[in-house]
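Chemist: Got a structure here, written out as structure tokens. Questions coming.
Only the coordinates and a few stated rules stand behind these numbers; no lab work does. Computed from a predicted model, the values in this text were never measured in an experiment. A quick note on method: Cβ atoms are made from the backbone with ideal geometry, for glycine too, and the neighbour counts reach across all protein chains shown.
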There are 2 protein chains.
Amino acid sequence: MSKTLIFGHKSPDTDTICSALVYADLKNTLGVEAQPARLGEINKETQFVLDYFGVEAPAYIENVDEDVDNVVLVDHNEFQQSVDNIHDVRITEVIDHHKVSNFETREPLYFRAEPVGCTATILNRMHKENGAILSRENAGLLLSAIISDTLLLKSPTCTAADTEAAHELAEIAGVNLETYGLDMLKAGADLSENSALDLVTMDAKEFTMGDKKVQIAQVNAVDTNQIYESQAAIEKEMEQIISDKDLALFLFVATDILENDSDVLALGNAKDNVEKAFDVSLDSSNRALLKGVVSRKKQIVTNLTDAFTK
Amino acid sequence: MSKTLIFGHKSPDTDTICSALVYADLKNTLGVEAQPARLGEINKETQFVLDYFGVEAPAYIENVDEDVDNVVLVDHNEFQQSVDNIHDVRITEVIDHHKVSNFETREPLYFRAEPVGCTATILNRMHKENGAILSRENAGLLLSAIISDTLLLKSPTCTAADTEAAHELAEIAGVNLETYGLDMLKAGADLSENSALDLVTMDAKEFTMGDKKVQIAQVNAVDTNQIYESQAAIEKEMEQIISDKDLALFLFVATDILENDSDVLALGNAKDNVEKAFDVSLDSSNRALLKGVVSRKKQIVTNLTDAFTK
């Protein structure tokens, strides 16, 4: 029997982990043997979700083993966000909600990207299309992914489809959307035990903009000032990564989940592009407040790409 | 109201033209104003289809006008097969059945690729998902696209989904699948009036393999020997295109639709890769018979890409 592995992006977030778990379950229900995997550490928010619904984290993998026949990517398609040996594997499916970039296959595949706020919303749809029933646990995982990606339905990335799915899933999961959602986001925003290195890597994604490499790390917080109490240590870790990866820009985004603003820190040769992209001035400590900006995908990556390419 | 343009690849074939027409119609039915377009001349096979069902060809465009808000690609995703100013447009949807390569967007989009034999099979599915009824004409167009891409359900690219869709659509279109299909293929295989330039450009696609540019042109014929009566003229046109486009390889594929074999002609510095890819020897006139090979996508592109990259 052929072996299928399902995983999301590096620096996994709740959507990446939950989508891999639930899609592997759906595959198994449909008679296709599939295993979920993860490419990095489980963050606090996701751990809260797994504990709440009593589900085990997928196994960590560093590379795809040679005995794996098929690879399914969820919640990402850009190769630099994927497993290191992505070029050597056979990708048969992609389920995603991001822009398409730096992705290619040698053969036709099932590629499904939809412009919604969360991969979990697409997976909820796929259960219906296949007449498959979601267990309470799986509904809880998908719900958590939507809450995480849309900041409790408040992000500009949130679509009517996400909102509808979230209410449906809360019902099946037997939780109160608001109460559960805020508890979950707060669990993720508890950064008291995180080192500076944790902060800059726990949800970091690398992008190619023009011909430059850009890394954007994002953390959610209840109090962003508290994070920047260790700004010197954060900068030191960022400088190291800039040098290791030859980045033109490293943007650290601290998002206030109550105010829905982001306090960003920009380092690297191309940091001026942040001023250009958001029409702000970086202060003497290389920081700026981006009012109303909470979505890396919809509000940060697109504007920054423009600044790099226009 | 925003303006949406729907088109398939350059050197349009029946699937590209019919999918653009039918998808524009579906969009309009769903309340989204959309116009179909084409990027090249209508070939004889497609003209037979349009005449048979009394449908007008989409308008020819050289570039996407500035007043177009959204672009929908059908039957292709690789930018080099698309409109010249593809980098300047906003792509909101892709409906395709090819491998994904050399495609990127700045924003999330609806990208739907399925590993089936024909874009029309996906469009047939989308009508059902949206509860939309196919007219006799549109069913005829989708059916013709499937017959064309699968060589009357005989190509190795043909899946169970294509076969099922073809029978369903033949019923709605009110035609006999076999009789109509063979008439249509023969109309396309009538190359008596085509110049050598026509033959090498009428269904030509460009690919990037490793770091090389490769063009593959395919014609269907009832008698491939007749085509090669003008081999000298064909070679002259190919040499010109190789030089103009700086191709490493130009592969001309003459496919016998009755025998289901292909007689190919390879020119360019990298023509040895054809021998490597198919384990054949090119004869003194740079030709080889590829037994059982009829599918550019499934049997030619993948093998050639391996030869270029491994």
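Chemist: Among A:227, B:42, B:6, what is the fewest-to-most ranking by other Cβ atoms within 10 Å?
Modeler: Ascending Cβ contact count within 10 Å gives the list B:42, A:227, B:6.
Chemist: Let's test the formula: R0 of 25 Å, r as the Cβ-Cβ distance of residue B:258 and residue B:197. What FRET efficiency results, to the nearest 0.05?
Modeler: Computed FRET efficiency for residue B:258 and residue B:197: 0.45.
Chemist: What does the charge count near residue A:34 come to, summing +1 for each Lys or Arg and -1 for each Asp or Glu among other residues with Cβ under 9 Å from its Cβ?
Modeler: 0
Chemist: Return the loop-located GluC sites (Glu not before Pro) in segment B:155-196 (DSSP other than H, G, I, E, B) with at most 13 other Cβ atoms within 10 Å of their own Cβ; answer none if there are none.
Modeler: Answer in residue order: B:193.
Chemist: Sorted by packing (mean other beta-carbon atoms within 10 Å per residue), highest first, where do B:292-304, A:272-284 land?
Modeler: In descending order of packing, they fall as B:292-304, A:272-284.
Chemist: Specify the inter-centroid distance of segment A:122-200 and segment A:265-298, based on alpha-carbon positions, in whole Å.
Modeler: About 28 Å separates the Cα centre of segment A:122-200 from the one of segment A:265-298.
Chemist: May I pose another question? Need one word for segment B:170-209: rounded, prolate or oblate. Basis is the Cα gyration tensor (sqrt eigenvalues a ≥ b ≥ c); a/c below 1.5 gives rounded, then a/b vs b/c decides.
Modeler: Oblate is the answer for segment B:170-209, as a/c is 1.5 or above yet b/c matches or exceeds a/b.
Chemist: I'd like the distance separating the alpha-carbon centroids of segment B:9-86 and segment B:230-260, in whole Å.
Modeler: So the two Cα centres are separated by 26 Å.
Chemist: Looking at segment A:1-75, which trypsin sites (Lys or Arg not before Pro) are in a loop (DSSP not H, G, I, E or B) and have at most 16 other Cβ atoms within 10 Å?
Modeler: Details: sites: A:3, A:10, A:27, A:38, A:44; in loops: A:3, A:10.
Counting only loop positions with at most 16 other Cβ atoms within 10 Å, the trypsin sites (Lys or Arg not before Pro) in segment A:1-75 are A:3.
Chemist: Tell me the relative contact order for chain A as a rounded percent, counting alpha carbon contacts under 8 Å between residues six or more apart.
Modeler: Worked out over chain A, it gives 14 percent.
Chemist: Across peptide B:110-120, how many C-beta atoms of other chains are within 10 Å of each residue C-beta, on average?
Modeler: What the average comes to for B:110-120 is 4.
Chemist: Gaussian network model of chain B, Cα springs within a sub-10 Å range: biggest mean-square fluctuation belongs to which of B:122, B:241, B:216?
Modeler: Checking each option, the largest mean-square fluctuation is seen for B:241.
Chemist: What number do you get for chain B when its Cα radius of gyration is normalised by 2.2 N^0.38 Å, N = residues? All intermediate terms of the calculation are to be shown ahead of the outcome.
Modeler: Working: Rg = 18.8 Å, N = 310, 2.2 N^0.38 = 19.5 Å.
So the Cα radius of gyration is 0.97 times the expected 2.2 N^0.38 Å.
Chemist: Now, a different point. Send over the semi-axes of segment A:150-219's equivalent ellipsoid, whole angstrom and largest first, taken as the square roots of 5 times the C-alpha gyration tensor eigenvalues.
Modeler: Those come to 29, 19, 8 Å.
Chemist: Could I ask something else about it? Ignoring everything except DSSP H segments at least 4 long, calculate the 222 nm mean residue ellipticity for chain B; use -39,500 (n - 2.57) per segment, divide by total residues, nearest 500.
Modeler: -11500 deg cm²/dmol
Chemist: Just counting partner chain Cβ atoms within 10 Å, what average do the residues of peptide A:93-106 show around their Cβ?
Modeler: Taking the mean over all residues of the peptide, I get 5.
Chemist: Which whole number in µm²/s is D for segment A:192-310 by Stokes-Einstein, with the Kirkwood Rh taken over Cα pairs at 25 °C and 0.890 mPa s? Don't skip to the answer; put the middle values down first.
Modeler: Values: Rh = 14.0 Å.
Rounded, D is 175 µm²/s.
Chemist: As an exercise, identify the GluC sites (Glu not before Pro) in segment A:216-251 lying in DSSP coil whose Cβ has no more than 15 other Cβ atoms within 10 Å.
Modeler: A:229
Chemist: Rounded to the nearest 5, what % of DSSP beta bridges with both residues in segment B:163-310 are antiparallel?
Modeler: 70
Chemist: Need one number: nm distance between label points at residue A:236 and residue B:275, each 7 Å from Cα along Cα→Cβ, rounded to one decimal.
Modeler: Spacing of the two 7 Å Cα→Cβ label points: 6.2 nm.
Chemist: Suppose the chain between residue B:179 and residue B:102 were pulled fully straight at 0.36 nm per residue; how much longer would it get relative to their current alpha carbon spacing?
Modeler: Taking 0.36 nm per residue and subtracting the Cα distance, the gain is 23.8 nm.
Chemist: Please arrange A:144, A:2, B:135 by counting, for each residue, the other beta carbons lying within 10 Å of its beta carbon, fewest first. Walk me through the numbers on the way to the answer.
Modeler: Values: A:144 31, A:2 11, B:135 15.
Final ranking by Cβ density, sparse to dense: A:2, B:135, A:144.
Chemist: Quick one: what do you get for segment B:4-189 if you divide its Cα Rg by 2.2 N^0.38 Å?
Modeler: 0.95
Chemist: When Lys and Arg each count +1 and Asp and Glu each count -1, what net charge do the other residues less than 13 Å away from residue A:3, Cβ to Cβ, add up to? Walk me through the intermediate numbers first.
Modeler: On the way: positive: A:27, A:90; negative: A:33, A:65, A:66, A:67, A:69.
In short, -3.
Chemist: Grab the beta carbon distance between residue A:67 and residue A:283, set R0 = 60 Å, and tell me the FRET efficiency rounded to 0.05.
Modeler: Efficiency, from the Cβ-Cβ distance: 0.70.
Chemist: Taking 7 Å along the Cα-to-C-beta vector as the label spot, tell me the residue A:163-residue A:87 distance in nanometres, rounded to one decimal.
Modeler: Between residue A:163 and residue A:87, the simple spin-label model gives 4.5 nm.
Chemist: Mean 1/r over all different Cα pairs, inverted: what Kirkwood radius does segment B:209-254 give, in Å?
Modeler: 11.5
Chemist: Shifting gears a bit: Report, ordered by chain and residue number, the lysines lying within cross-link reach of residue B:128, taken as a straight Cα distance under 18 Å and ignoring same-chain residues fewer than 8 apart.
Modeler: List returned: A:128, B:27.
Chemist: Once a ≥ b ≥ c are taken as the square roots of the eigenvalues of the Cα gyration tensor of segment B:254-310, is the result rounded (a/c under 1.5), prolate (a/b larger than b/c) or oblate (a/b not larger than b/c)?
Modeler: oblate
Chemist: At 25 °C and 0.890 mPa s, what whole-number value in µm²/s does Stokes-Einstein give for the translational diffusion of the protein assembly as shown, with Rh from the Kirkwood sum over Cα pairs? Intermediate results must be reported in sequence, preceding the final value.
Modeler: Numbers: Rh = 26.1 Å.
It comes out at roughly 94 µm²/s.
Chemist: Estimate the FRET efficiency between residue A:130 and residue B:246 by the formula 1/(1 + (r/R0)^6), using the beta-carbon distance for r and 35 Å for R0, to the nearest 0.05.
Modeler: Values: r = 47 Å, r/R0 = 1.35.
The formula returns an efficiency of 0.15 here.
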